[in-house]
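Trainee: Pasting a structure below so you can have a look.
Rule-based calculations on the coordinates, nothing more; no lab input. Since the structure is predicted, the reported quantities are computational estimates derived from the model, not experimental observations. Cβ atoms come from the backbone with ideal geometry, glycine included; neighbour counts cover every protein chain shown.
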Amino acid sequence: MDERPLDVLIVEDEVLLATELEFLVGEVGCNAVGLAMSSDEAVAMANDLRPDLALVDVHLRDGPTGVEVVRKIHDDCGGVALFMTANVKRLPDDFAGACGVIGKPYSEHGVKTALAYLTICLREGRAPSPPPIGLELSPAYAERWGVTALLRAVPHAV
Amino acid sequence: MTDTLRSERAAEELAAEHGVGDPFAAAIRATRMAMVVTDASQADNPIIFANDAFLALTGYRRDEVIGRNCRFLQGPDTDPASIEAMRRAVADGQDMAIDILNYRKDGTTFWNALYLSPVRSKAGEIVYFFGSQLNISDRKRAELELGDTRERLEAAVEARTADLTQALQQKTALLHEVDHRVKNNLQLISSLLLLQNRRVTDPAVKSHLRGMLERVSAIATVHRRLFQSEDVERFDVAAFVRDLVSDMMGGARRDDIKVRLDLERVDIAASKAAPLALVISELFSNALRHAFPPEAMAGRTGEVFVGITRQDADFRIEITDNGVGVENSASSGGFGLTIVQLLCQQLKARPQTTPADPGTRVVVYLPVNGVHH
């Protein structure tokens, strides 16, 4: 089993949010490999750095381009992306290929728990439990990581 | 013999049969309803009788109409389909009623409610056609105006509906935009407090920053919850408490404290959500911070209970710990309790603190309808 820390790319145009997020990523034992503020930067860095996980805001410096960034990371780089947005309701039904979403405003604890949970999911290819409060998985990843089956077995788990 | 002569002869014959003293003939000559009789035995069915009312309606003299087919009443705007229908009725020997646009001698038009009927001999052969004409221009004009008015109204309603739909779309877009900004700004405020907390080393300052962060987080949780539900006017207190407790327990890192929840689903007005959220957050944080000093635990597990029920005209929100009790705790009526008192005043809520033996029980009674009875 691969125990090295996850490489995490942060795609966020609010520099204070991004800076604080870098700290949180480090505190759960992940490795923040870069910070992108626009869609071009994000796609270029995803191509070069090949992160295990990209945390992507929908609104970037060049507009609401985060959804396209996620689609490119998923389709072209084969990477896993996670939305971090205040507009959860406006995401496409297929999450543009992202594994899920953390709704803003998130809490310090919420982000840390979600990252720790995703680390296990990515390492082992399946989820240890239903997702923690604050993290919503996309239908495709809930299926892939066995969460759908888990919820079917324990219907009152959430 | 010319056609006109034949028609005049036929007219004379008809008049001879129905001379002075025939009450039916007199009635037809004098009635205000325009009437004509045509000779079906002649080619092209010419008029052989027209009463005064017909002449008054059409503007022709009698000698201008006798011997002619009725089609001189038609003009460029007469509906060809109506003309064809009349032609067919005459050819088939049927009677018919039709509204048709006719022309007077002076070229002006009138709407004619025409009734056309064959007159048969004793042998059953069609010998005459009888026609009566009624000027219904006024009724037609009213109908047309009504149609116009209806069309105008429908167009106006359609335009108004389009305006309203657009206004609603703009309002929804604006609501999303404002919601988005509020959430992002709350995130920004949280990040600022967290970043500063990383810089400072003084435990008292750190504790104050943590307290402020908790308050901002409580408000942030309210906003996340508010726009998740379909009804933005109502706020689900139980769902909020579950989120809040999960966050605060995660942040506290106290495995020796358990939480027990007993939450009835309770909806309050959205305008009360933030103050109530702050009250609950403050009381819960107080229990976590002061009821269980680590040095007093001695391997024991503490418990904080949060319960929400409806009790008569109040929502009853209880936060009880089995810790060291108010007298023994380090809490000395600080800023947090001031916040609770002020916000309860604002909410017209009644807070009540009693010993829980061991520990402390705080119950907040929030009037369901905004006032105490």
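Trainee: Taking the Cα centre as origin and putting +1 on Lys and Arg beta-carbons and -1 on Asp and Glu beta-carbons, what dipole magnitude results for the protein assembly as shown, to the nearest 20 debye? Before the final figure, lay out each step's value.
Mentor: Numbers: 58 positive and 75 negative charges, 234 e Å.
I would put it at about 1120 debye.
Trainee: Round to the nearest 10 and give me the degree value, 0 to 90, for the angle of helix A:15-27's Cα axis relative to the longest principal axis of chain A.
Mentor: 40 degrees
Trainee: Explain nothing, just the number: relative contact order of segment B:233-367, from Cα pairs under 8 Å at least 6 residues apart, as a whole percent. Can you show the working numbers first?
Mentor: Working: 222 pairs, mean separation 34.3, N = 135.
After rounding, I find 25 percent.
Trainee: Tell me which DSSP H helices of chain B clear both cut-offs, 15 Å or more of axial length from alpha-carbon atoms and a mean Kyte-Doolittle hydropathy of at least -1.0. Numbers along the way, then the final one.
Mentor: Numbers: long enough: B:3-17 (21 Å, -0.88); B:80-92 (18 Å, -0.05); B:137-199 (92 Å, -0.69); B:203-226 (34 Å, -0.01); B:237-252 (22 Å, 0.96); B:273-286 (19 Å, 1.29); B:335-347 (18 Å, 1.35).
Membrane-span-like by this criterion, though nothing is claimed about a membrane: B:3-17, B:80-92, B:137-199, B:203-226, B:237-252, B:273-286, B:335-347.
Trainee: For residue A:151 and residue B:81, what is the calculated FRET efficiency with R₀ set at 60 Å and r taken between the beta-carbons, to the nearest 0.05?
Mentor: Details: r = 69 Å, r/R0 = 1.16.
The formula returns an efficiency of 0.30 here.
Trainee: Along the Cα-to-C-beta direction of residue B:185, a point sits 7 Å from the Cα; which residues of segment B:272-313 have their amide N less than 16 Å from that point?
Mentor: Residues B:274 fall inside that zone.
Trainee: If you don't mind, another one. Can you tell me, using C-alpha contacts under 8 Å and at least 6 residues apart, the relative contact order of chain B as a whole percent? Please report the intermediate quantities before stating the final value.
Mentor: Working: 515 pairs, mean separation 33.1, N = 373.
Across chain B, relative contact order equals 9 percent.
Trainee: From the helices alone, meaning DSSP H stretches of at least four residues, give me the mean residue ellipticity at 222 nm for the protein assembly as shown, per-run term -39500 (n - 2.57), in deg cm²/dmol to the nearest 500. Walk me through the numbers before you get to the answer.
Mentor: Details: 17 runs with 245 residues, N = 531.
Taking each H run of at least 4 residues, the total per residue is -15000 deg cm²/dmol.
Trainee: Also, quick follow-up: Counting only other chains, what is the mean number of Cβ atoms within 10 angstrom of the Cβ of each residue in peptide B:235-247? Walk me through the intermediate numbers first.
Mentor: Values: counts 0, 0, 0, 0, 0, 0, 0, 1, 4, 1, 1, 7, 8.
Per residue, the average neighbour count from other chains is 2.
Trainee: With +1 on each Lys and Arg Cβ and -1 on each Asp and Glu Cβ, and nothing else charged, work out how big the dipole of segment B:3-135 is about its Cα centre, in Debye to the nearest 20. Display every interim value, and only then the final one.
Mentor: Values: 14 positive and 19 negative charges, 29 e Å.
Result for segment B:3-135 is approximately 140 debye, rounded to the nearest 20.
Trainee: Among all the lysines, which ones have a C-alpha under 30 Å from residue B:348's C-alpha, if same-chain residues fewer than 8 places away are not counted?
Mentor: In chain and number order, the partners are B:183, B:272.
Trainee: About the Cα centre, and with charges only on the beta carbon of Lys, Arg (+1) and Asp, Glu (-1), how big is the dipole of segment A:7-153? Nearest 20 debye, please. Could you put the intermediate results ahead of the total?
Mentor: Working: 12 positive and 22 negative charges, 128 e Å.
With only Lys, Arg, Asp and Glu charged at Cβ, the dipole is about 620 debye.
Trainee: Given R₀ = 30 Å, what would the calculated FRET efficiency be for residue B:109 paired with residue B:152, taking r from the Cβ atoms and rounding to 0.05? Don't skip to the end; give the middle numbers.
Mentor: Working: r = 24 Å, r/R0 = 0.81.
Efficiency at R0 = 30 Å is approximately 0.80.
Trainee: Next up: In what sequence do A:120, B:47 fall when counting other Cβ within 10 Å, fewest first? It would help to have the intermediate numbers written out before the result.
Mentor: On the way: A:120 14, B:47 22.
By the 10 Å Cβ count, ascending: A:120, B:47.
Trainee: Mind listing which trypsin sites (Lys or Arg not before Pro) in segment B:110-207 are in a DSSP loop and have 13 or fewer other Cβ atoms within 10 Å? Spell out each step's value before the answer.
Mentor: Values: sites: B:120, B:122, B:139, B:140, B:141, B:150, B:152, B:160, B:171, B:181, B:183, B:198, B:199, B:206; in loops: B:122.
Hits after loop and neighbour filter: B:122.
Trainee: Another question, if that's okay. Using the Cα centre of the protein assembly as shown as origin and beta-carbon charges of +1 (Lys, Arg) and -1 (Asp, Glu), tell me which of A:23, B:297, A:114 is placed farthest towards the positive end of the dipole.
Mentor: Of A:23, B:297, A:114, it is B:297.
Trainee: Can you find, among B:147, A:87, B:248, the residue farthest towards the positive end of the dipole of the protein assembly as shown? Put +1 on the C-beta of Lys and Arg, -1 on that of Asp and Glu.
Mentor: Checked the options; the winner is B:248.
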